[in-house]
Structure formats: C-alpha cells, structure tokens
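Scroll down for the structure; my scribbles are underneath it.
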Amino acid sequence: MTSIADKLKQIKSDIRDAEYCAQRRSGSVQLLAVSKTKPSTDIIQAYQAGQRHFAESYLQEALIKQQELASYQMTWHFIGPIQSNKTRQIANHFSWVHSVDRLKIAKRLSEQRCKDLPPLKLCIQVNISAEESKSGVRLEALAEFIEQVSILPNICLRGVMAIPQQVSDYEQQRLPYQQLHQYMTALDNAKIDTFSFGMTRDLKAAIVEGATFVRVGTALFGVRT
Ligand SMILES: *Cc1c(COP(=O)(O)O)cnc(C)c1O
C-alpha cells in the first residue's frame, strides 16, 4: 500500500508537471488536501509530509478534528454546503470558505466573523456546467454578486470555486474552467487572485485553465466509503 506521504509526493509532482505544461510559474498552484470522512491520523500523516492546507465539507466532523489537531499549525478551508444556522461556527473556525453562493450566507459570515480575527477569505461557488445543479451562482448573476460581497466588512473576497459536471474527456474538462477564467479576466477585478478549480479526476485540466488551489481528496487519502 502506498503511504499518504508517497501519494502527496506524487500529487505534487503531477501539479508541477501541469504547471510546466501550462507554462505557469512553478508553485503557482497550491494543494488543498480534502480530508472529509478521513480520520485525524491521516491528516497528521499528510501534515508530517509537509501539507498545511486542509479542507472539510461537514461542519460537525470538521470541528471534532480541529479540536484533535489543535496543536498543529494547519490552515482550514470549508468547502461544503452552508446552512444559515452553521454560519457562526464556519465564520470563526476556518480561514477560508470556498462554497458561498447566497448573499444571505455571505452577510452572516461577515457579521459573525470575530473582529479579532483577520478577515475571512472567501470564494464564490459558481455553477458553470449549466446543469440543473442547485449549488453555485450562475454566470449571469456573478458580476452583481461579486459587487455585493466585495463591500462586506470582515470578508476578503479572493475568487471563485467551481465543481463542474464529471466528464472523463480532457478537453471537455477544460471548457467550464476556461469559460469561468475568461469571464473573471474580463471583469478585471484587481482583488481576485484565487481560482479553486479541480479535484482528483480533473487536476490537469483545472491547472491548465488557471487553478490556484486544487482540492484533492481521493488521490491523497484514498476512496471515501
Ligand atoms: C470531496 C470534494 C473534493 C475532493 O474530491 P476528490 O475527487 O476526492 O479529489 C473537492 N472539492 C469538493 C467541493 C469536495 O466536496
């Protein structure tokens, strides 16, 4: 069995290869280790191999692990669906939130983020696959949504996150990311520097289309049961 440390090394090497292939600066893509459903012992193995950014999707599970791992210097990202009654804890137990797609949620995160903490770094989840999926702001509504979120205090809007429909064809995988990246480039908002694009199965396509964070679970920690 391959160790988490070996898998981490392999993923980092895949990221460097994709950066090179896309003529992007080495190190311009950061790895976000998606540890949902996996035990703290797995997270520690990744940490000991040098990983610092971890992402969780389920609040209660995340809070338990954060407590178990309180002595480690980790940066926590929230990437799951957000219910209004969870915003206070999400606002104060994470450095980043990638999955904001309703203004009401963004406002609550801003209001509830403790003033002693640095502003909460935030990505807007965008629905770019034009499917009936409920999650994500539609492209038509994105410019206005960005303006509304930009003015909230205690929040630092950094970019966008997308989870396109699963397809296996590489060119097909690139299209939605390309579309969103072009849209954001056209907006020309100087504060936007983050593209949370790509998971285990479409890592390369996402990096070629401008990802700055790739969110990898399965390739690092194994399949989730
Ligand atoms: C679970 C999850 C991932 C990781 O997916 P893998 O296919 O296991 O790499 C990435 N992003 C989000 C939003 C997730 O929920």
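The values are calculated or read from the model by the stated rules, or taken from the named source; none is laboratory data. Given the structure is predicted, the values throughout are model-derived calculations rather than measurements. Cβ sites come from the backbone with ideal geometry, for glycine too, and all protein chains shown count toward neighbours.
Here is a yes/no grid of residues against (1) at pLDDT below 95; (2) in contact with a strand residue (DSSP E or B) (Cβ under 9 Å, 6 or more places away or on another chain); (3) over 19 Å from Arg201 (Cβ atoms):
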site	(1), (2), (3)
Arg108	no, no, yes
Ile124	no, yes, yes
Ser129	yes, yes, no
Val137	no, yes, yes
Phe145	no, yes, yes
Gly159	no, yes, yes
Gln172	no, no, no
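Within region 111-131, can you find the residues that are surrounded by fewer than 19 Cβ atoms within 10 Å (Cβ to Cβ) and not small (Gly, Ala, Ser)?
Going residue by residue through region 111-131, those that are surrounded by fewer than 19 Cβ atoms within 10 Å (Cβ to Cβ) are 111-112, 114-119, 121, 129-131.
Once the filter is applied, which keeps residues that are surrounded by fewer than 19 Cβ atoms within 10 Å (Cβ to Cβ) and not small (Gly, Ala, Ser), region 111-131 yields Glu111, Gln112, Cys114, Lys115, Asp116, Leu117, Pro118, Pro119, Lys121, Glu131.
With respect to Ile151, determine if the residue is surrounded by fewer than 13 Cβ atoms within 10 Å (Cβ to Cβ) and among the aliphatic types (A, V, I, L, M). Let's see the steps before the verdict.
Details: surrounded by fewer than 13 Cβ atoms within 10 Å (Cβ to Cβ): yes; among the aliphatic types (A, V, I, L, M): yes.
So Ile151 passes the test.
So is Glu171 surrounded by fewer than 19 Cβ atoms within 10 Å (Cβ to Cβ), under 25 Å from Val216 (Cβ atoms) and either aliphatic (A, V, I, L, M) or more than 14 Å from the ligand (Cβ to nearest atom) (or both) or not? So Glu171 fits the description; yes. Yes or no: Arg224 within 14 Å of the ligand (Cβ to nearest atom), of a type outside the set (Phe, Trp, Tyr) and surrounded by fewer than 17 Cβ atoms within 10 Å (Cβ to Cβ)? Answer is yes for this residue.
The number of residues in region 82-101 that are more than 16 Å from the ligand (Cβ to nearest atom) and touching a residue at least 12 places away in the same chain (Cβ under 8 Å) comes to 8. Out of the residues in region 182-217 that are of a type in the set (Ser, Thr, Tyr), within 16 Å of the ligand (Cβ to nearest atom) and touching a residue at least 40 places away in the same chain (Cβ under 8 Å), state the one that is surrounded by the most Cβ atoms within 10 Å (Cβ to Cβ). Residue satisfying both the conditions and the ranking: Ser196. Under the condition of being of a type outside the set (D, E, K, R) and either under 16 Å from Ile82 (Cβ atoms) or modelled with pLDDT under 95 (or both), the residues counted in region 110-122 number 4. Just so you know, in region 53-79 the residues that are of a type outside the set (Phe, Trp, Tyr) and in contact with a strand residue (DSSP E or B) (Cβ under 6 Å, 6 or more places away or on another chain) include one that is nearest to the ligand (Cβ to nearest atom), and it is Ile79. Taken as a whole, the structure leaves Arg108 outside the set of residues that are closer than 27 Å to Val149 by Cβ and exposed (fewer than 15 other Cβ atoms within 10 Å of the Cβ). Please go through region 16-36 and pick out each residue that is hydrophobic (A, V, I, L, M, F, W, C) and either within 16 Å of Thr194 (Cα to Cα) or touching a helix residue (DSSP H, G or I) at 6+ places or on another chain (Cβ under 6 Å) (or both). Correct list: Ala18, Ala22, Val29, Leu31, Leu32, Ala33. The residues of region 26-42 that are closer than 27 Å to Ala205 by Cβ and within 16 Å of the ligand (Cβ to nearest atom), listed by number, are Val29, Gln30, Leu31, Leu32, Ala33, Val34, Ser35, Lys36, Thr37, Lys38, Asp42.
Glu144 meets all of the listed conditions (1) over 30 Å from Ala5 (Cα atoms); (2) surrounded by 14 or more Cβ atoms within 10 Å (Cβ to Cβ); (3) more than 11 Å from the ligand (Cβ to nearest atom) but one, namely (2).
Restricting to strands (runs of 3 or more DSSP E) lying wholly in region 1-81: which have 1 or more residues that are free of Cβ contacts under 8 Å to residues at least 24 places away in the same chain, under 20 Å from the mean Cα position of the chain (by Cα) and surrounded by 14 or more Cβ atoms within 10 Å (Cβ to Cβ)? Of the strands (runs of 3 or more DSSP E) lying wholly inside region 1-81, those with at least 1 residues that are free of Cβ contacts under 8 Å to residues at least 24 places away in the same chain, under 20 Å from the mean Cα position of the chain (by Cα) and surrounded by 14 or more Cβ atoms within 10 Å (Cβ to Cβ) span 53-56, 75-78.
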